[in-house]
Amino acid sequence: MQGKRVLLIVSGGIAAIKIPDLIRRLRERGASVRCVLTEGGKQFVTPLSLSALSEDKVYDDLFSLTDEHEMGHINLSREADVVLVAPASADILAKMAAGLAGDLASTVLMATDKPVLAAPSMNVRMWEHPATQTNVKTLQSRGVTLIGPTEGDMACGEFGMGRMSEPSDILAALEAFFGLRPKSQAGPLEGRHAVVTSGPTFEPIDPVRYIANRSSGKQGHAIAGALAALGCRTTLVTGPTALADPHGCDVIRIESARDMLAAVEAALPADIAVCAAAVADWRVAEAAVGKIKKHAGAAPPPLQMVENTDILATISNAGNKRPALVVGFAAETDDVIKNATEKRARKGCDWIVANDVSPATGTFAGDDNTVHLITEDASDAWPKMTKLAVAEHLAQRIAHHFEAAE
Ligand code: CTP
(Lines give C-alpha, C1' and ligand atoms only; values in the text may rest on other atoms or scores of the structure.)
Protein backbone atom coordinates (compact mmCIF):
# COMPACT_ATOMS: atom_id res chain seq x y z
CA MET A 1 0.00 0.00 0.00
CA GLN A 2 3.04 2.19 -0.50
CA GLY A 3 2.02 5.81 -0.93
CA LYS A 4 -1.71 5.23 -0.43
CA ARG A 5 -3.40 7.89 1.69
CA VAL A 6 -6.10 6.70 4.06
CA LEU A 7 -8.36 9.15 5.85
CA LEU A 8 -9.50 7.18 8.88
CA ILE A 9 -12.64 8.34 10.66
CA VAL A 10 -12.84 6.83 14.13
CA SER A 11 -16.31 7.00 15.67
CA GLY A 12 -17.56 5.88 19.07
CA GLY A 13 -17.53 2.19 19.83
CA ILE A 14 -15.56 -0.23 21.95
CA ALA A 15 -13.97 -1.55 18.74
CA ALA A 16 -12.08 1.78 18.52
CA ILE A 17 -9.53 0.14 20.82
CA LYS A 18 -8.48 -2.00 17.84
CA ILE A 19 -7.77 1.03 15.66
CA PRO A 20 -4.18 1.61 16.84
CA ASP A 21 -3.40 -1.92 15.61
CA LEU A 22 -5.03 -1.15 12.26
CA ILE A 23 -3.02 2.06 11.90
CA ARG A 24 0.18 0.19 12.72
CA ARG A 25 -0.54 -2.42 10.06
CA LEU A 26 -1.39 0.21 7.44
CA ARG A 27 1.81 2.13 8.20
CA GLU A 28 3.89 -1.07 8.03
CA ARG A 29 2.60 -1.51 4.48
CA GLY A 30 3.62 1.99 3.48
CA ALA A 31 0.24 3.73 3.65
CA SER A 32 -0.15 7.13 5.27
CA VAL A 33 -2.99 7.48 7.73
CA ARG A 34 -4.66 10.69 8.81
CA CYS A 35 -7.25 10.39 11.57
CA VAL A 36 -10.49 12.22 12.27
CA LEU A 37 -11.83 11.39 15.72
CA THR A 38 -15.43 11.94 16.83
CA GLU A 39 -16.45 12.91 20.34
CA GLY A 40 -17.72 9.35 20.83
CA GLY A 41 -14.47 7.93 19.52
CA LYS A 42 -12.52 9.92 22.11
CA GLN A 43 -14.25 7.95 24.86
CA PHE A 44 -12.44 4.83 23.69
CA VAL A 45 -9.15 5.95 22.17
CA THR A 46 -7.11 9.10 22.77
CA PRO A 47 -6.04 11.63 20.13
CA LEU A 48 -2.51 11.25 21.44
CA SER A 49 -2.27 7.52 20.71
CA LEU A 50 -3.72 7.91 17.20
CA SER A 51 -1.41 10.83 16.54
CA ALA A 52 1.65 8.93 17.76
CA LEU A 53 0.87 5.92 15.55
CA SER A 54 -0.15 7.86 12.47
CA GLU A 55 2.67 10.38 12.98
CA ASP A 56 0.24 13.09 12.01
CA LYS A 57 -2.13 15.49 13.64
CA VAL A 58 -5.51 14.08 14.69
CA TYR A 59 -8.44 16.21 13.57
CA ASP A 60 -11.50 16.47 15.78
CA ASP A 61 -12.88 19.98 15.66
CA LEU A 62 -15.03 21.38 12.88
CA PHE A 63 -14.67 24.91 14.12
CA SER A 64 -10.95 25.00 14.81
CA LEU A 65 -9.39 28.15 13.41
CA THR A 66 -5.94 26.59 13.41
CA ASP A 67 -7.06 23.44 11.61
CA GLU A 68 -9.03 25.39 9.02
CA HIS A 69 -6.02 27.60 8.46
CA GLU A 70 -3.68 24.63 8.02
CA MET A 71 -5.87 22.23 6.10
CA GLY A 72 -9.59 23.05 5.90
CA HIS A 73 -12.18 20.34 6.20
CA ILE A 74 -12.83 20.28 2.47
CA ASN A 75 -9.19 19.59 1.70
CA LEU A 76 -9.08 17.06 4.52
CA SER A 77 -11.88 15.16 2.81
CA ARG A 78 -10.19 15.21 -0.56
CA GLU A 79 -6.48 14.75 0.17
CA ALA A 80 -6.88 11.01 0.53
CA ASP A 81 -7.23 8.07 -1.79
CA VAL A 82 -9.91 6.49 0.34
CA VAL A 83 -12.01 7.35 3.38
CA LEU A 84 -12.34 4.55 5.92
CA VAL A 85 -14.86 4.80 8.77
CA ALA A 86 -13.82 2.34 11.48
CA PRO A 87 -15.47 1.67 13.76
CA ALA A 88 -18.63 2.96 12.09
CA SER A 89 -21.21 3.39 14.86
CA ALA A 90 -24.97 3.29 14.28
CA ASP A 91 -24.88 7.04 14.86
CA ILE A 92 -22.37 7.88 12.15
CA LEU A 93 -24.05 5.54 9.65
CA ALA A 94 -27.34 7.36 10.36
CA LYS A 95 -25.65 10.74 9.90
CA MET A 96 -24.10 9.60 6.62
CA ALA A 97 -27.43 8.27 5.34
CA ALA A 98 -29.30 11.42 6.35
CA GLY A 99 -26.63 13.82 5.09
CA LEU A 100 -26.08 15.48 8.47
CA ALA A 101 -22.96 17.57 8.84
CA GLY A 102 -22.86 18.78 12.44
CA ASP A 103 -19.36 17.69 13.35
CA LEU A 104 -16.03 17.30 11.58
CA ALA A 105 -16.43 13.58 10.79
CA SER A 106 -19.88 13.88 9.22
CA THR A 107 -18.90 17.07 7.39
CA VAL A 108 -15.85 15.36 5.90
CA LEU A 109 -18.05 12.45 4.81
CA MET A 110 -20.48 14.86 3.13
CA ALA A 111 -17.71 16.81 1.43
CA THR A 112 -15.55 13.97 0.19
CA ASP A 113 -15.36 12.97 -3.44
CA LYS A 114 -13.35 9.85 -2.57
CA PRO A 115 -14.57 6.25 -2.17
CA VAL A 116 -15.86 5.49 1.32
CA LEU A 117 -15.48 2.17 3.13
CA ALA A 118 -17.14 1.60 6.51
CA ALA A 119 -16.61 -1.11 9.13
CA PRO A 120 -19.78 -1.11 11.27
CA SER A 121 -19.57 -1.86 14.97
CA MET A 122 -22.52 -1.97 17.32
CA ASN A 123 -24.75 -4.12 19.50
CA VAL A 124 -26.67 -6.83 17.63
CA ARG A 125 -30.07 -5.22 18.31
CA MET A 126 -28.83 -1.88 17.03
CA TRP A 127 -27.45 -3.59 13.92
CA GLU A 128 -30.68 -5.45 13.28
CA HIS A 129 -32.86 -2.39 13.93
CA PRO A 130 -34.79 -1.43 10.79
CA ALA A 131 -33.40 2.11 11.01
CA THR A 132 -29.82 0.84 10.78
CA GLN A 133 -30.69 -1.66 8.07
CA THR A 134 -32.38 1.05 6.00
CA ASN A 135 -29.39 3.36 6.49
CA VAL A 136 -27.00 0.60 5.45
CA LYS A 137 -28.98 -0.11 2.28
CA THR A 138 -29.12 3.60 1.45
CA LEU A 139 -25.37 3.92 1.89
CA GLN A 140 -24.64 0.82 -0.18
CA SER A 141 -26.90 2.11 -2.96
CA ARG A 142 -24.75 5.27 -2.95
CA GLY A 143 -21.59 3.24 -3.35
CA VAL A 144 -20.33 2.99 0.23
CA THR A 145 -18.56 -0.36 0.70
CA LEU A 146 -19.23 -2.15 3.97
CA ILE A 147 -16.56 -4.28 5.62
CA GLY A 148 -18.39 -6.67 7.94
CA PRO A 149 -19.76 -6.56 10.54
CA THR A 150 -19.15 -10.07 11.83
CA GLU A 151 -20.91 -12.29 14.29
CA GLY A 152 -19.65 -13.14 17.76
CA ASP A 153 -19.55 -12.31 21.44
CA MET A 154 -20.06 -8.64 22.14
CA ALA A 155 -18.55 -6.38 24.75
CA CYS A 156 -22.09 -5.90 26.13
CA GLY A 157 -22.37 -9.64 26.87
CA GLU A 158 -24.73 -10.44 24.00
CA PHE A 159 -23.93 -12.58 20.98
CA GLY A 160 -24.68 -11.83 17.37
CA MET A 161 -23.99 -9.76 14.30
CA GLY A 162 -22.45 -6.35 14.84
CA ARG A 163 -18.82 -6.90 15.81
CA MET A 164 -16.35 -4.83 13.84
CA SER A 165 -14.24 -6.89 11.43
CA GLU A 166 -10.75 -7.61 12.73
CA PRO A 167 -7.97 -5.17 11.69
CA SER A 168 -6.48 -7.91 9.46
CA ASP A 169 -9.80 -8.25 7.60
CA ILE A 170 -10.18 -4.48 7.26
CA LEU A 171 -6.65 -4.37 5.88
CA ALA A 172 -7.43 -7.19 3.44
CA ALA A 173 -10.56 -5.32 2.31
CA LEU A 174 -8.50 -2.15 1.72
CA GLU A 175 -5.87 -4.11 -0.20
CA ALA A 176 -8.60 -5.71 -2.29
CA PHE A 177 -10.09 -2.26 -2.84
CA PHE A 178 -6.76 -0.97 -4.16
CA GLY A 179 -6.37 -4.14 -6.26
CA LEU A 180 -3.27 -4.91 -4.24
CA ARG A 181 -3.71 -8.49 -3.11
CA PRO A 182 -0.52 -10.03 -4.45
CA LYS A 183 -0.92 -13.18 -6.54
CA SER A 184 1.10 -15.17 -4.00
CA GLN A 185 -1.72 -14.52 -1.53
CA ALA A 186 -4.37 -15.53 -4.03
CA GLY A 187 -6.92 -17.78 -2.41
CA PRO A 188 -7.30 -21.41 -3.45
CA LEU A 189 -10.53 -20.62 -5.30
CA GLU A 190 -9.06 -17.74 -7.34
CA GLY A 191 -10.36 -17.89 -10.91
CA ARG A 192 -13.50 -19.84 -9.95
CA HIS A 193 -17.06 -18.57 -9.86
CA ALA A 194 -19.66 -19.58 -7.28
CA VAL A 195 -23.39 -18.88 -7.16
CA VAL A 196 -24.90 -19.02 -3.68
CA THR A 197 -28.61 -18.74 -2.81
CA SER A 198 -29.60 -17.47 0.62
CA GLY A 199 -32.51 -16.23 2.71
CA PRO A 200 -36.21 -16.85 2.25
CA THR A 201 -38.33 -16.16 -0.80
CA PHE A 202 -41.51 -14.07 -0.61
CA GLU A 203 -44.41 -15.35 -2.68
CA PRO A 204 -47.01 -12.62 -3.21
CA ILE A 205 -50.69 -13.12 -2.45
CA ASP A 206 -51.48 -9.53 -3.45
CA PRO A 207 -49.37 -6.33 -3.42
CA VAL A 208 -49.26 -6.23 0.39
CA ARG A 209 -49.35 -9.88 1.49
CA TYR A 210 -47.00 -12.76 0.94
CA ILE A 211 -46.15 -16.32 1.97
CA ALA A 212 -42.60 -17.04 3.09
CA ASN A 213 -40.37 -19.49 4.89
CA ARG A 214 -38.62 -18.51 8.10
CA SER A 215 -34.98 -17.94 7.24
CA SER A 216 -32.42 -15.49 8.57
CA GLY A 217 -30.05 -16.04 5.64
CA LYS A 218 -27.13 -16.25 8.10
CA GLN A 219 -25.82 -19.57 6.81
CA GLY A 220 -26.06 -18.73 3.10
CA HIS A 221 -24.52 -15.28 3.54
CA ALA A 222 -21.69 -16.74 5.63
CA ILE A 223 -20.98 -19.31 2.90
CA ALA A 224 -20.88 -16.64 0.21
CA GLY A 225 -18.46 -14.59 2.34
CA ALA A 226 -16.28 -17.62 3.09
CA LEU A 227 -16.01 -18.53 -0.62
CA ALA A 228 -15.15 -14.93 -1.51
CA ALA A 229 -12.49 -14.94 1.22
CA LEU A 230 -10.83 -17.87 -0.58
CA GLY A 231 -10.59 -15.81 -3.74
CA CYS A 232 -13.73 -17.12 -5.44
CA ARG A 233 -15.77 -14.69 -7.53
CA THR A 234 -19.06 -15.11 -5.72
CA THR A 235 -22.55 -14.16 -6.82
CA LEU A 236 -24.99 -14.18 -3.91
CA VAL A 237 -28.65 -14.37 -4.92
CA THR A 238 -30.65 -13.56 -1.82
CA GLY A 239 -34.22 -13.16 -0.70
CA PRO A 240 -35.08 -10.44 1.83
CA THR A 241 -32.89 -10.55 4.97
CA ALA A 242 -31.69 -8.11 7.61
CA LEU A 243 -28.05 -8.95 6.93
CA ALA A 244 -25.28 -6.83 5.48
CA ASP A 245 -23.84 -7.92 2.18
CA PRO A 246 -20.93 -10.29 2.79
CA HIS A 247 -17.64 -8.77 1.82
CA GLY A 248 -16.40 -9.26 -1.71
CA CYS A 249 -19.59 -10.74 -3.22
CA ASP A 250 -21.78 -9.54 -6.07
CA VAL A 251 -25.20 -9.42 -4.46
CA ILE A 252 -28.45 -9.82 -6.38
CA ARG A 253 -31.58 -9.20 -4.33
CA ILE A 254 -34.81 -10.91 -5.33
CA GLU A 255 -38.12 -11.65 -3.64
CA SER A 256 -39.84 -14.62 -5.26
CA ALA A 257 -38.65 -18.13 -6.07
CA ARG A 258 -39.22 -17.45 -9.76
CA ASP A 259 -36.97 -14.39 -9.60
CA MET A 260 -34.38 -16.38 -7.66
CA LEU A 261 -34.32 -19.06 -10.35
CA ALA A 262 -34.03 -16.45 -13.11
CA ALA A 263 -31.18 -14.69 -11.27
CA VAL A 264 -29.33 -17.96 -10.67
CA GLU A 265 -29.67 -19.01 -14.30
CA ALA A 266 -28.51 -15.58 -15.45
CA ALA A 267 -25.45 -15.88 -13.18
CA LEU A 268 -24.32 -19.16 -14.79
CA PRO A 269 -21.83 -20.41 -15.89
CA ALA A 270 -20.32 -21.16 -12.52
CA ASP A 271 -17.93 -23.75 -11.12
CA ILE A 272 -19.78 -24.00 -7.83
CA ALA A 273 -23.43 -23.64 -6.79
CA VAL A 274 -24.49 -23.67 -3.14
CA CYS A 275 -28.26 -23.60 -2.61
CA ALA A 276 -28.73 -22.49 0.97
CA ALA A 277 -31.95 -20.52 0.42
CA ALA A 278 -35.17 -21.57 2.13
CA VAL A 279 -37.16 -21.37 -1.08
CA ALA A 280 -40.93 -21.38 -0.62
CA ASP A 281 -42.19 -24.68 -1.99
CA TRP A 282 -45.43 -23.16 -3.27
CA ARG A 283 -46.66 -19.87 -4.62
CA VAL A 284 -50.15 -18.51 -5.14
CA ALA A 285 -51.12 -19.39 -8.72
CA GLU A 286 -52.37 -15.91 -9.57
CA ALA A 287 -51.35 -13.15 -7.17
CA ALA A 288 -54.06 -10.47 -7.07
CA VAL A 289 -53.12 -7.25 -8.84
CA GLY A 290 -54.91 -5.09 -6.27
CA LYS A 291 -55.14 -5.53 -2.50
CA ILE A 292 -57.71 -8.19 -1.58
CA LYS A 293 -60.33 -6.49 0.63
CA LYS A 294 -62.04 -8.05 3.64
CA HIS A 295 -65.82 -7.99 3.54
CA ALA A 296 -67.78 -8.43 6.76
CA GLY A 297 -69.09 -11.97 7.08
CA ALA A 298 -67.46 -13.15 3.85
CA ALA A 299 -65.29 -16.27 3.83
CA PRO A 300 -61.49 -15.81 3.55
CA PRO A 301 -60.31 -15.90 -0.06
CA PRO A 302 -59.30 -19.37 -1.25
CA LEU A 303 -55.65 -19.52 -2.26
CA GLN A 304 -54.89 -21.73 -5.22
CA MET A 305 -51.26 -22.85 -4.79
CA VAL A 306 -48.84 -24.19 -7.37
CA GLU A 307 -45.42 -25.69 -6.76
CA ASN A 308 -42.33 -23.60 -7.37
CA THR A 309 -39.62 -24.95 -9.62
CA ASP A 310 -36.86 -26.57 -7.60
CA ILE A 311 -33.82 -24.36 -8.20
CA LEU A 312 -31.32 -26.88 -6.81
CA ALA A 313 -32.71 -29.70 -8.98
CA THR A 314 -32.85 -27.43 -12.02
CA ILE A 315 -29.20 -26.43 -11.86
CA SER A 316 -28.15 -29.96 -10.92
CA ASN A 317 -29.66 -31.08 -14.22
CA ALA A 318 -28.63 -28.12 -16.34
CA GLY A 319 -26.62 -30.14 -18.86
CA ASN A 320 -23.55 -28.30 -20.08
CA LYS A 321 -24.47 -25.32 -17.87
CA ARG A 322 -24.29 -27.46 -14.74
CA PRO A 323 -21.68 -26.17 -12.27
CA ALA A 324 -18.94 -28.74 -11.61
CA LEU A 325 -19.93 -28.90 -7.93
CA VAL A 326 -23.53 -28.43 -6.78
CA VAL A 327 -24.23 -28.33 -3.04
CA GLY A 328 -27.71 -28.38 -1.52
CA PHE A 329 -29.07 -28.16 2.00
CA ALA A 330 -31.56 -30.40 3.73
CA ALA A 331 -33.29 -29.41 6.93
CA GLU A 332 -34.17 -32.63 8.72
CA THR A 333 -35.54 -33.51 12.13
CA ASP A 334 -35.51 -37.34 11.85
CA ASP A 335 -33.40 -39.91 10.03
CA VAL A 336 -31.09 -37.06 9.06
CA ILE A 337 -28.58 -39.08 7.04
CA LYS A 338 -31.11 -41.36 5.34
CA ASN A 339 -33.39 -38.49 4.31
CA ALA A 340 -30.53 -36.29 3.18
CA THR A 341 -28.94 -39.11 1.18
CA GLU A 342 -32.24 -39.69 -0.59
CA LYS A 343 -32.60 -35.96 -1.23
CA ARG A 344 -29.11 -35.85 -2.78
CA ALA A 345 -30.05 -38.58 -5.23
CA ARG A 346 -33.50 -37.14 -5.95
CA LYS A 347 -32.25 -33.65 -6.72
CA GLY A 348 -29.11 -34.74 -8.56
CA CYS A 349 -26.69 -32.54 -6.60
CA ASP A 350 -23.17 -33.61 -5.56
CA TRP A 351 -23.21 -32.81 -1.86
CA ILE A 352 -25.90 -32.17 0.70
CA VAL A 353 -25.30 -30.27 3.91
CA ALA A 354 -27.81 -31.94 6.17
CA ASN A 355 -29.00 -29.58 8.83
CA ASP A 356 -30.15 -31.27 12.00
CA VAL A 357 -33.01 -29.00 13.02
CA SER A 358 -34.56 -31.28 15.62
CA PRO A 359 -35.69 -29.17 18.61
CA ALA A 360 -32.94 -30.65 20.81
CA THR A 361 -30.25 -28.95 18.70
CA GLY A 362 -31.89 -25.50 18.96
CA THR A 363 -30.59 -24.80 15.48
CA PHE A 364 -33.34 -23.08 13.61
CA ALA A 365 -33.00 -19.36 14.11
CA GLY A 366 -29.85 -19.64 16.21
CA ASP A 367 -26.23 -18.93 15.50
CA ASP A 368 -24.99 -22.51 15.75
CA ASN A 369 -25.51 -25.34 13.36
CA THR A 370 -25.13 -29.11 13.62
CA VAL A 371 -24.56 -30.55 10.15
CA HIS A 372 -23.59 -33.69 8.28
CA LEU A 373 -21.88 -33.40 4.93
CA ILE A 374 -23.27 -36.07 2.62
CA THR A 375 -21.17 -36.74 -0.46
CA GLU A 376 -21.33 -39.50 -3.05
CA ASP A 377 -19.53 -42.00 -0.88
CA ALA A 378 -19.42 -40.61 2.65
CA SER A 379 -21.33 -38.86 5.36
CA ASP A 380 -19.27 -36.78 7.77
CA ALA A 381 -20.73 -35.63 11.07
CA TRP A 382 -19.39 -32.19 11.91
CA PRO A 383 -19.38 -31.11 15.55
CA LYS A 384 -21.81 -28.37 16.59
CA MET A 385 -20.27 -25.06 15.54
CA THR A 386 -21.26 -21.52 14.60
CA LYS A 387 -22.80 -20.89 11.20
CA LEU A 388 -19.67 -18.88 10.34
CA ALA A 389 -17.49 -21.88 11.17
CA VAL A 390 -19.73 -24.18 9.10
CA ALA A 391 -19.32 -21.75 6.20
CA GLU A 392 -15.54 -21.68 6.54
CA HIS A 393 -15.32 -25.49 6.77
CA LEU A 394 -17.53 -25.90 3.73
CA ALA A 395 -15.53 -23.37 1.71
CA GLN A 396 -12.32 -25.22 2.63
CA ARG A 397 -13.86 -28.56 1.63
CA ILE A 398 -14.87 -27.05 -1.70
CA ALA A 399 -11.33 -25.70 -2.22
CA HIS A 400 -9.84 -29.14 -1.42
CA HIS A 401 -12.30 -30.77 -3.82
CA PHE A 402 -11.04 -28.60 -6.69
CA GLU A 403 -7.40 -29.03 -5.68
CA ALA A 404 -7.85 -32.82 -5.68
CA ALA A 405 -9.63 -32.72 -9.04
CA GLU A 406 -6.69 -30.84 -10.55
N1 CTP B 1 -34.52 -25.77 -2.97
C2 CTP B 1 -34.46 -25.05 -4.14
N3 CTP B 1 -35.64 -24.69 -4.77
C4 CTP B 1 -36.82 -25.04 -4.26
C5 CTP B 1 -36.89 -25.77 -3.05
C6 CTP B 1 -35.72 -26.12 -2.43
O7 CTP B 1 -33.37 -24.72 -4.61
N8 CTP B 1 -37.92 -24.66 -4.91
C9 CTP B 1 -33.25 -26.20 -2.34
C10 CTP B 1 -32.91 -25.49 -1.06
O11 CTP B 1 -32.16 -24.32 -1.29
C12 CTP B 1 -32.08 -26.58 -0.36
C13 CTP B 1 -32.78 -27.83 -0.76
O14 CTP B 1 -33.38 -27.54 -2.01
O15 CTP B 1 -30.77 -26.63 -0.87
C16 CTP B 1 -33.83 -28.22 0.25
O17 CTP B 1 -34.71 -29.06 -0.35
P18 CTP B 1 -36.22 -29.27 0.14
O19 CTP B 1 -36.80 -30.32 -0.73
O20 CTP B 1 -36.93 -27.99 0.25
O21 CTP B 1 -35.90 -29.85 1.48
P22 CTP B 1 -36.31 -29.47 2.89
O23 CTP B 1 -36.40 -27.98 3.07
O24 CTP B 1 -35.32 -30.18 3.72
O25 CTP B 1 -37.80 -30.01 2.96
P26 CTP B 1 -38.48 -31.45 2.74
O27 CTP B 1 -37.80 -32.34 3.72
O28 CTP B 1 -39.88 -31.15 3.00
O29 CTP B 1 -38.23 -31.91 1.35
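See the values below:
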| quantity | calculated |
| --- | --- |
| HN-Hα J in Hz across region 44-53 - Karplus 6.51, -1.76, 1.60, θ = phi - 60°, x for Gly and Pro | 10, 8, 8, x, 5, 5, 5, 5, 4, 6 |
| Segment residue 405-residue 186, extension gain: residue separation times 0.36 nm, minus the distance between their alpha carbons | 77.0 nm |
| With Cα atoms, 0 to 90° folded angle of helix 257-267 axis to the chain main axis | 70 degrees |
| ³J(HN,Hα), Karplus 6.51/-1.76/1.60, whole Hz, each residue of region 387-403, x for Gly, Pro | 4, 5, 5, 4, 4, 5, 4, 5, 4, 5, 4, 5, 4, 4, 4, 6, 4 |
| Amide proton proximity set for residue 205, modelled H, under 5 Å, gap of 5+ | 210, 211 |
| Over the chain: helical MRE at 222 nm, DSSP H runs n ≥ 4 each giving -39500 (n - 2.57), nearest 500 | -10000 deg cm²/dmol |
| From phi via Karplus (6.51, -1.76, 1.60), per-residue ³J(HN,Hα) for region 191-200 in Hz, x at Gly/Pro | x, 9, 10, 10, 10, 10, 9, 8, x, x |
| Whole-number Å³ per residue for the convex hull built on Cα positions in the chain | 173 Å³ |
| 11 Å beta-carbon shell around residue 222, net charge (K/R +1, D/E -1) | -1 |
| Gain on full stretching of the segment that runs from residue 140 to residue 282 - 0.36 nm per residue minus C-alpha separation | 47.9 nm |
| For region 1-95, size of Cβ-based charge dipole, Lys and Arg +1, Asp and Glu -1, in debye | 440 debye |
| Highest-first arrangement of 296-309, 393-406, where packing means the average Cβ count within 10 Å | 393-406, 296-309 |
| Average accessible area per residue (Å²) across region 5-181 - probe 1.4 Å, nucleic acids and ligands excluded | 43 Å² |
| Amide H within-cut-off set for residue 84, under 5 Å, with H built and near neighbours excluded | 7, 8, 9, 117 |
| Distance histogram for region 13-98 (every C-alpha pair counted, 5 angstrom bins, percent rounded to whole numbers) | 3, 13, 23, 26, 22, 11, 2, 0 |
| Surrounding net charge for residue 55, when Lys and Arg each add one and Asp and Glu each subtract one, Cβ distance under 12 Å | +3 |
| Extension gain (nm, one decimal) between residue 389 and residue 169, 0.36 nm per residue minus Cα-Cα | 77.6 nm |
| Folded to 0 to 90 degrees: helix 19-28 orientation relative to the chain principal axis, Cα | 80 degrees |
| Alpha-carbon centroid distance for the pair region 279-326 / region 79-111, whole angstrom | 42 Å |
| Nearest-20 debye value, region 5-181 charge dipole, Cβ charges on Lys, Arg, Asp, Glu | 360 debye |
| Dipole magnitude of the chain, debye to nearest 20 (Cβ charges: Lys/Arg +1, Asp/Glu -1, about Cα centre) | 600 debye |
| Computed FRET value (nearest 0.05) for residue 75 with residue 299, which takes r as the C-beta separation and R₀ as 56 Å | 0.20 |
| At R0 = 45 Å, FRET efficiency that the Cβ-Cβ distance of residue 65 and residue 128 yields, to 0.05 | 0.60 |
| Long-range Cα-Cα pairs in region 5-181 (distance over 21 Å), rounded percent | 43 percent |
| Selection from 10, 64, 48 lying farthest towards where the dipole of region 5-181 points positive, charges on Cβ | 10 |
| Degrees between helix 336-347 axis and first principal axis of the chain (Cα, 0 to 90, nearest 10) | 80 degrees |
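The values are calculated or read from the model by the stated rules, or taken from the named source; none is laboratory data. Everything numeric here is computed off the predicted structure, so don't read it as measured data. All Cβ positions, glycine included, derive from the backbone under ideal geometry; neighbour counts span all protein chains shown. We work out accessible area using only protein heavy atoms, side chains counted, and drop any ligands, DNA or RNA first. Shrake-Rupley method; radii C 1.70, N 1.55, O 1.52, S 1.80 Å.
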